[in-house]
1. Name the residues in region 173-205 that are under 14 Å from the mean Cα position of the chain (by Cα) and closer than 20 Å to Thr7 by Cβ, would you?
2. Can you pull out every residue in region 174-214 that is touching a residue at least 60 places away in the same chain (Cβ under 8 Å) and assigned to a helix (DSSP H, G or I)?
3. When residues of region 17-26 are filtered for being among the hydrophobic types (A, V, I, L, M, F, W, C) and modelled with pLDDT of 95 or more, how many remain?
4. How many residues are surrounded by fewer than 19 Cβ atoms within 10 Å (Cβ to Cβ) and outside any loop (DSSP other than H, G, I, E, B) when one looks only at region 1-30?
5. Looking at region 44-96 only, could you name the residues that are exposed (fewer than 14 other Cβ atoms within 10 Å of the Cβ) and β-branched (Val, Ile, Thr)?
6. Residues being farther than 18 Å from Leu80 by Cα and assigned to a helix (DSSP H, G or I): count how many of those fall in region 137-173.
7. Pick from Glu124, Glu191, Glu148: which is modelled with pLDDT under 95 and farther than 12 Å from Val13 by Cα?
8. Considering only residues that are in contact with a helix residue (DSSP H, G or I) (Cβ under 8 Å, 6 or more places away or on another chain), over 14 Å from Ala134 (Cα atoms) and either assigned by TED's automatic domain parsing to the domain that holds Ala66 or outside any loop (DSSP other than H, G, I, E, B) (or both), which ones fall in region 95-117?
Amino acid sequence: MPRQYFTHVTTWVFDLDNTLYPPRARLFDQIEVRMTRFVMDTLGVDRERAAFLRRDYWTRYGTTLAGLMREHDVDPAPYLIEVHDISLDHLDPDPMLAGHIRNLPGRRIVYTNGSAPYAERVLEARGLSGLFDAVYGVEHAGFRPKPERAAFEAIFARDGVRADAAAMFEDDPRNLRAPHEMGMRTVHVAEDRLAADHIHHHTDDLSAFLAQVI
């Protein structure tokens with residue numbers, strides 16, 4: 001049972017996309033289309049080149065936005081509005097997950113590489129509004145993205161998170177390395193299990209996992 005590994009945790013940090021909703025909702029399919037279109041329009045390149053740059057910047061910089069800012073001095077505000085203007089019709093409320101999150105002892109926060117307004121929309125669609133003490137987007141980290149350690153440090157300093165008394169739930173394994181180095185308990189939320197030193201736990205069902213932790 002994982003409960004014994006979380007008795008010290010007083011802050012619960014959750015990623016948003018593909019963590020607080022299942023990947024089958026495929027929201028990122030919509031976001032990626034809008035990212036590609038933004039790159040096309042902003043840089044004046046064709047769709048194939050834009051799709052390549054979107055993936056390349058995500059790989060090298062952590063997010064497409066970070067690459068656009070560093071390589072092309074792109075203003076992040078219009079980008080965040082444009083790429084997150086998507087339909088949430090594929091999201092359903094999850095009362096069971098909501099109940100488990102509500103029962104977690106201590107402080108509960110969301111930290112996403114997306115924007116905070118987008119995160120709030122997703123939480124509302126999932127029936128999770130009002131369950132978190134704070135919601136942080138990439139803008140709150142000075143637009144530094146996960147997996148940069150400086151991004152985590154900025155958010156945790158802002159919130160007063162003690163890493164050695166916190167747990168991080170995240171679908172992208174890259175984004176668990178810095179939390180692990182900082183002393184957090186790390187949980188990889190994904191369909192496929194990845195064996196890695198910086199991952200303490202894996203689950204393909206966040207709700208069921210939290211039920212075992214409480």
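The values are calculated or read from the model by the stated rules, or taken from the named source; none is laboratory data. Just so it is clear, the model here is predicted, and its values are computed rather than measured. Here Cβ is always computed from backbone atoms with ideal geometry, including for glycine, and neighbour counts include all displayed protein chains.
1. Within region 173-205, Pro179, Thr186, Val187 meet the criteria.
2. Within region 174-214, Arg174, Asn175, Pro179, Leu206, Ser207, Phe209, Leu210, Ala211, Gln212, Val213 qualify.
3. Total meeting the criteria: 1.
4. Number satisfying all stated conditions: 9.
5. Thr59, Ile81
6. 14
7. From the options Glu124, Glu191, Glu148, the qualifying one is Glu191.
8. Selection gives Met96, Leu97, His100.
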